[in-house]
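Notes follow the structure.
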Amino acid sequence: MRGEFASAAPAILAANRARGAVRFAVHAAEGVTRRGDLHESGSLRVRFPSPEDEGLSAVFVNTAGGVAGGDRFDIEIAAGEDARLTLTTAAAEKIYRATGKAAEVNISLAAAHDAHLAWLPQETILFDRARLARRIDIDLAETASLLLGEIVVFGRSAMGETMRHGEFADRWRVRRAGRLVFAETVRLDGDIGAKLARPAVARGGVAIGTALIVPGDQALVERIRTASEMFGGEVGLSAWNGFAMARFCAQDAARLRADMMAVLRRAAGRALPRLWLN
């Protein structure tokens, strides 16, 4: 009897894995950005707060309450010509311990001519022995603009918990007018805690982040540097190939979040999503 339960366990876990998908497009007319057709499925939902002067905002909600091994979430968003769209999440996304295969998150974003797209989710928190494979693909028209900010926290630093072992695979590709302008693949596995402790990796930091600003140049970098006296962690700034980038590393999530907000405010020249201020 015990053997029968053991052999059935993998099938039961597979059947209980969460799936979620959101797909929609926005378009602009007479200076106002409006949503077109919307597709939602599974445990992923999107809500649209009251319109703001800066365009349309969309907030993703994971009704599953987190992400576990074997879950899969797909997001596909397109901003039409002249549209202004800001995307964020209702809360930090928690990636729980995986007993089998990795969780998958696939994000596909596109912005047409003169559209502005901001991808600013709240942080992703990886619990000990979590496994996550994430893919972000972005296609921009030549005159489109992008503001992207991503934070990853290894363990619940506010609770004094750390991530010792697990797997994190992160693949980013950004194309502009069909040309690949940014490509990066990060993979951490095994004893992640020991790897983060290395001076050349994170020097013991448990929170890392990346901001991309398109278009961006050295002048923008210098403007962002005026906030350097406010930084509580390490922040590296650079510009090349028509975009600017900021890299973040900190000893805790709160410190990195504050640094990210300081950079994004100066890059955007406007307020961040209200949920970031909670």
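Numbers below:
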item	result
Residue within the stretch 258-267 that is outside any helix (DSSP H, G or I) and surrounded by fewer than 17 Cβ atoms within 10 Å (Cβ to Cβ) present	no
Total residues in the stretch 190-204, condition modelled with pLDDT of 90 or more and surrounded by 17 or more Cβ atoms within 10 Å (Cβ to Cβ)	2
Residue in the stretch 170-189 that is in a strand (DSSP E or B), surrounded by 17 or more Cβ atoms within 10 Å (Cβ to Cβ) and charged (D, E, K, R) present	yes
Single condition residue 255 does not satisfy, out of (1) in contact (Cβ under 8 Å) with a residue 24 or more places away in the chain; (2) closer than 28 Å to residue 48 by Cβ; (3) assigned to a helix (DSSP H, G or I)	(2)
Scan of the stretch 207-223 for residues that are farther than 27 Å from residue 168 by Cβ and of a type in the set (A, V, I, L, M, F, W, C), ordered by number	219, 220, 221
Number of positions in the stretch 64-97 that are within 19 Å of residue 136 (Cα to Cα) and of a type in the set (Lys, Arg)	2
Those residues of the stretch 90-118 which are buried (at least 18 other Cβ atoms within 10 Å of the Cβ), under 23 Å from residue 28 (Cα atoms) and touching a strand residue (DSSP E or B) at 6+ places or on another chain (Cβ under 6 Å), in sequence order	107, 109, 110, 111, 115, 116, 117, 118
Elements of type strands (runs of 3 or more DSSP E) contained in the stretch 65-143, each with 1 or more residues being within 22 Å of residue 163 (Cβ to Cβ)	72-79, 84-89, 93-95, 103-111, 124-126, 131-140
Residues located in the stretch 248-257, provided they are surrounded by fewer than 22 Cβ atoms within 10 Å (Cβ to Cβ) and in contact with a Ser or Thr (Cβ under 6 Å, 6 or more places away or on another chain)	252
Residues (more than 18 Å from residue 276 (Cα to Cα) and of a type in the set (A, V, I, L, M)) located in the stretch 37-82	38, 44, 64, 67, 68, 75, 77, 78, 79
Search result, residues across the stretch 29-42 that are at pLDDT 95 or above and either surrounded by 12 or more Cβ atoms within 10 Å (Cβ to Cβ) or on the phi > 0 side of the Ramachandran plot (or both)	38, 40, 41, 42
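The values are calculated or read from the model by the stated rules, or taken from the named source; none is laboratory data. What you see is a predicted model; the values in this text were computed from it and never measured. All Cβ positions, glycine included, derive from the backbone under ideal geometry; neighbour counts span all protein chains shown.
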